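J.: Have a look at this one.
Only the coordinates and a few stated rules stand behind these numbers; no lab work does. Keep in mind the model is a prediction, meaning the values are calculated, not measured. Backbone-built Cβ (ideal geometry, glycine too); neighbour counts: all protein chains shown.
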Amino acid sequence: MMADNQTSLFDADTADRGMTGELVLRAQPNRPLTKAQRTFNRLVGKIETLRKKLAGDTRRLDAALAYDAQHLHPRRVRLTALRKDLLRALGPFLDDPRLPRKRERKALEGLIADHLDALVQAEGSLADSDLRALFERVHRISFDRAEREGFEAVRSMMEEAFGEFGLDVDLSDIEPNASEETLAAKAAEMADRLQRQFEEEAGARSDRPQSKRQSAKELRLKQAEEMRKKSLTTIYRQLAKALHPDLEPDPERRERKVALMQELTTAYHDNDLHSLLRLELAWLQREEGDIERLTDEKLAVYNQVLKEQADELQWELDELPYHPRYQPIMVETGPLGIPMQTDGPTEAWRLDRMIVSLEAGLARLRTDEALAEVRGAIQAFRAVSQGRS
């Protein structure tokens with residue numbers, strides 16, 4: 001029976017907290033924790049830490065995404081419009097007789113090419129016909145051809161990368177202007193082929209003669225998996241019987257049980273052993289006071305599943321910055337292209353400086369100082385180019 005000083009699982013405070021209470025096995029007087037119990041506590045702590053980290057990182061990235069939409073996107077739109085105006089103002093100077101030197105014209109072409117490339121990167125393409133004509137003049141190639149050659153180079157690199165994994169992938173049916181649906185279908189096709197190849201390789205390995213040690217290991221893994229499924233179902237049925245609101249005559253307690261039953265059902269459908277264990281441990285400790293039910297044999301199965309759950313959470317945490325949702329606020333840094341979150345206020349300051357600079361340059365290009373402004377821009381571009389080399 002439950003001790004008088006214990007709080008019932010169905011108390012209002014516990015129901016309000018849901019399953020956020022501490023999930024830990026504690027040593028009893030003259031009875032230290034076993035190795036399995038210590039492992040259980042360590043894995044549970046790791047899962048709770050990873051969940052908090054994942055929730056915190058998600059909130060941080062969502063806040064950065066909201067900042068980007070509110071503050072950075074409008075600045076980028078303004079910068080793109082100014083860049084187009086600047087290109088249209090600089091273009092005529094390519095034929096200006098007041099710039100007779102070949103070196104000056106070459107530098108002006110490079111300056112225009114840089115702005116065009118930045119525009120393509122910002123918008124993903126080049127829609128305006130006059131800017132396409134300017135692109136062809138400074139790059140000596142049509143935009144359509146340059147876009148196709150660039151795409152084919154990337155496609156070739158992707159096919160080579162898949163080839164290194166032993167997978168012959170043909171991406172020739174993917175066009176530069178392919179829709180998201182087409183790209184998603186191709187990605188699903190490649191994922192399916194990779195999965196089939198993996199299964200074929202696994203099947204080939206399973207056909208090979210196994211040693212006694214390998215056979216024994218596979219048998220233990222199979223038994224553990226069967227016990228895991230049985231344990232999940234057992235916990236669910238046991239707690240469902242105790243928590244089912246239809247069996248509770250008291251209206252207030254029935255309402256609390258409805259909420260707990262929903263948590264229980266969700267955890268079971270999600271194969272979330274951690275949450276099921278939290279409910280079971282609370283029930284054992286507070287309703288029955290019989291923690292001995294968690295034997296080392298049962299804990300061994302729980303620990304295996306908890307480890308898998310911890311690994312999945314770690315993978316989800318590692319992959320979070322790569323999620324397509326957050327690509328607008330991520331930049332690649334370093335030789336490995338590791339994504340890093342954009343510093344919103346710093347980026348806003350940088351964009352503001354560029355906007356002010358372009359606005360001032362455009363204003364001078366509309367005055368009698370236009371030629372001096374172009375020559376100043378050419379000198380600045382050459383200085384930067386020399387610094388790059």
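J.: What FRET efficiency do you get for residue 234 and residue 156 if R0 is 51 Å and r is their Cβ-Cβ distance, rounded to the nearest 0.05?
T.: Details: r = 54 Å, r/R0 = 1.07.
After rounding, the FRET efficiency stands at 0.40.
J.: With bins 10 Å wide starting at 0, give me the P(r) of region 346-386 over every alpha carbon pair, in whole percents.
T.: Histogramming region 346-386 at 10 Å steps yields 28, 41, 29, 2 percent.
J.: Quickly work out the residue 139-to-residue 380 label distance, labels modelled 7 Å from Cα along the C-beta direction, and quote it in nm with one decimal.
T.: Once both label points are built, they end up 2.4 nm from each other.
J.: Compute the FRET efficiency between residue 253 and residue 315 as 1/(1 + (r/R0)^6), taking r as their Cβ-Cβ distance and R0 = 56 Å, and round to the nearest 0.05. Provide the component values of the computation, followed by the final result.
T.: Working: r = 40 Å, r/R0 = 0.71.
Working from the Cβ atoms, E equals 0.90.
J.: Over 22 Å between Cα atoms, which of 53/307; 84/106; 52/298 qualify?
T.: Pairs exceeding the cut-off: 52/298.
J.: Can I ask one more? Quickly work out the residue 41-to-residue 189 label distance, labels modelled 7 Å from Cα along the C-beta direction, and quote it in nm with one decimal.
T.: Computed distance between label sites residue 189 and residue 41 equals 5.5 nm.
J.: R0 = 51 Å: FRET efficiency of residue 357 with residue 164, Cβ-based, nearest 0.05? Please report the intermediate quantities before stating the final value.
T.: On the way: r = 44 Å, r/R0 = 0.87.
Taking R0 as 51 Å, the efficiency between residue 357 and residue 164 is 0.70.
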